[in-house]
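Structure record follows, encoded as structure tokens.
The values are calculated or read from the model by the stated rules, or taken from the named source; none is laboratory data. What you see is a predicted model, and the numbers here were worked out from it, not measured in a lab. Here the Cβ positions follow ideal geometry from the backbone for every residue, glycine too, while neighbour counts run over all protein chains shown. Remember, those area values only see protein heavy atoms, side chains included, never the ligands or the DNA or RNA. Shrake-Rupley method; radii C 1.70, N 1.55, O 1.52, S 1.80 Å.
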Amino acid sequence: LRERAELIEFDINQRALDIVEALLAREPRIIGFGVYIWNVTETAAVIAALKRLRPELIVVLGGPEVSYETERQAIVAAADYVITGEADLAFAQLCGALLRGERPAPPIMPAELPDFERLALPYEFYTEQDIAHRVIYVEASRGCPFHCEFCLSSLDIPVRQAPWPALREALEKLFERGVRQFKFVDRTFNLNAKVSQAILQFCLDHYAPGRFFHFEMIPDRLPESLREILERFPPGALQFEMGIQSFNPEVCQRISRRQDIPKLEDNFHFLRTRTGVHIHADLIVGLPGETLESFAAGFDRLVALGPQEIQVGLLKRLRGTPIARHDVEWSMVYNPNPPYDILQNKLIDFSTMQRLRRFARYWDLVGNSGNFVESAPLLWSGNASPFERFLRWSDWLYARTRRTDSIALPRLTELLFHFLKDELGLSPPLVAETLWRDYQRGGRREQPGFLQAWLTQPEKLGAAPRAASMKRQARHLAGASD
């Protein structure tokens, strides 16, 4: 159906009626929407307007948000058909039937798991504009062998590999077209060491300055065959997203998460001391049975392992995930609206959860942004707990700003200066010099007035602006992950 079809993309900042106008201008008979946790609200508004204007238009939904607990959703009631699961082939089959004048039943259709060998890889559809300005997603495998109860990937079994010859040819063409930023969306890229070794070697063979590859890795699985290749990549070429989620063994067992902590720690040590891999590590707040104290201990343990980024995420009750079985025992209360994040549970009340929500946001601004590389560790200097000190800073910052966004960098730098100097009692010249070095990393050369009294003279940084740019690039790729 390629000659009769069009792929169209919008973003959630566009107005619903503008999107409706653009769609109807194409005079479609069928529109299929990919529905995710992050766009379901906006998509529902678009569909509602479409159906008011063109009741005869056939709307088909697919995607993870509508694949589970389907009948209960308002967006489903507004559509004509829903395909649950991997709809690569099922959507084309449905469209073919509808264009022939048939009206298949039932309206909710579970898709059969497609054989990867039957799928045409879609990478030719990336435009020159995409290649010039966007992270390019590629998929070497689907599915996950693990059963972590908070994750939709635990429902995607078995793991299936894309045929390597076809994928290799597609990657060759993307390299030839000048793609520089690749994000492999595989949930467990290093599950099959032989396959991941071949892909990493291929990426290494085609490496050129400025190329960047993002992989989601199982944190406790890094055999020698992969280590040997990783050591040969130049710094800044690789980013690994490694989901730790919790260091509490009882919590991990409760949510069916298997994790070898000693191996995980050894892998982190290897990556930080022997490679130039940028590590983006994840922890989850609000898991059933995780106390504030045990989360704090896990956070401190992760900080000690030295990843360049730590994403602190609040638990979400994604549709279809088995995490719901803990709702009664652990008094789990979730936001009824997307992204369905935890509001409170038996061990962490709403007020404390709100403090942790702000902690996560401020950690992004200070710990992950690349703007405070040297200054952030001053918060827990003197062998203090990073979690306790950063929570103290978070509470102090919110008390003064009453906001978690739109804090300009100069203002944030000034507030951090006063907190380190006045609240923690650190040496003002030490704090000022450290903040000034960080402040220059983004190419800024004008000294902030609040630092001038404590600075001896401006310092020049050589490669620091490039390092900050690479840090921002890494965060962009990590943020592209759902």
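Some values worked out for this structure:
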{"item": "Charge dipole magnitude, Cβ of K and R +1, D and E -1 - the chain, Cα centre, debye nearest 20", "result": "800"}
{"item": "Heavy-atom surface of the stretch 34-129, accessible at 1.4 Å and reported per residue (Å²)", "result": "55"}
{"item": "Separation in nanometres of the label points that stand 7 Å from Cα toward Cβ, at H206 and H147", "result": "3.8"}
{"item": "Whole-number accessible area per residue in Å² for the stretch 276-421, which is evaluated in the context of all protein chains at 1.4 Å", "result": "39"}
{"item": "Length added when fully stretched, E112-R100, from 0.36 nm per residue minus Cα-Cα", "result": "2.1 nm"}
{"item": "Extended-chain gain in nm, criterion 0.36 nm per residue less alpha-carbon gap, D422 and N335", "result": "27.6 nm"}
{"item": "Evaluated over the chain, the Cα radius of gyration and Dmax, each in Å", "result": "24.3, 79"}
{"item": "W164 accessible area, 1.4 Å probe, all protein chains in place, Å² to nearest 10", "result": "60"}
{"item": "Whether the stretch 1-141 is rounded, prolate or oblate, judged on the alpha carbon gyration tensor where a/c under 1.5 counts as rounded", "result": "rounded"}
{"item": "Share antiparallel - DSSP beta bridges, the chain, percent rounded to 5", "result": "15"}
{"item": "Lysine pairs in the chain with Cα atoms under 21 Å, if 8 or more residues apart or on separate chains", "result": "6"}
{"item": "The chain: angle of helix 40-53 to the longest principal axis, Cα-based, in degrees nearest 10", "result": "40"}
{"item": "Residues R52 and R402, FRET efficiency given R0 of 30 Å [Cβ-Cβ distance, rounded to 0.05]", "result": "0.15"}
{"item": "Listed peptides 100-113, 407-420 by packing density, highest first (mean Cβ within 10 Å)", "result": "407-420, 100-113"}
{"item": "Global geometry of the stretch 62-161, whether rounded, prolate or oblate, following the gyration tensor of its Cα atoms and the 1.5 cut on a/c", "result": "oblate"}
{"item": "Furthest towards positive pole of dipole, L7, L155, L119, structure part the chain, Cβ charges", "result": "L7"}
{"item": "Dipole of the chain [Lys/Arg +1, Asp/Glu -1 at C-beta], most positive-end residue of T70, I342, P428", "result": "P428"}
{"item": "The stretch 122-233, dipole about Cα centre (Lys/Arg Cβ +1, Asp/Glu Cβ -1), debye to the nearest 20", "result": "60"}
{"item": "Approximate spin-label separation T273-D80, in nm, with each point projected 7 Å along Cα-to-Cβ", "result": "6.3"}
{"item": "Whole-percent carbon and sulfur share, accessible surface of the chain, 1.4 Å", "result": "51"}
{"item": "R317, R52, reordered so the largest accessible area comes first (probe 1.4 Å)", "result": "R52, R317"}
{"item": "Ellipticity estimate at 222 nm from DSSP helix runs (n ≥ 4, -39,500 (n - 2.57)) divided over the chain, nearest 500", "result": "-11500 deg cm²/dmol"}
{"item": "Computed lengthening from E71 to D395, 0.36 nm per intervening residue step minus Cα-Cα distance", "result": "112.5 nm"}
{"item": "For the stretch 283-413: Kirkwood Rh in Å [reciprocal of mean 1/r, alpha carbons]", "result": "15.7"}
{"item": "Equivalent ellipsoid dimensions for the stretch 156-270 as semi-axes, Å, which come from the Cα gyration tensor, largest first", "result": "28, 17, 12"}
{"item": "Residues whose placed amide H lies under 5 Å from that of L238, excluding near-sequence neighbours", "result": "F213, H278"}
{"item": "Cut-off 18 Å (backbone N to label point 7 Å along Cα→Cβ of E21), residues of the stretch 34-56", "result": "45-54"}
{"item": "Radius of gyration, Dmax [the stretch 223-295; alpha carbons; angstrom]", "result": "14.5, 41"}
{"item": "Largest to smallest accessible area among V35, V159 [probe 1.4 Å]", "result": "V159, V35"}
{"item": "For the stretch 192-337: rounded, prolate or oblate by the Cα gyration tensor [a/c cutoff 1.5]", "result": "prolate"}
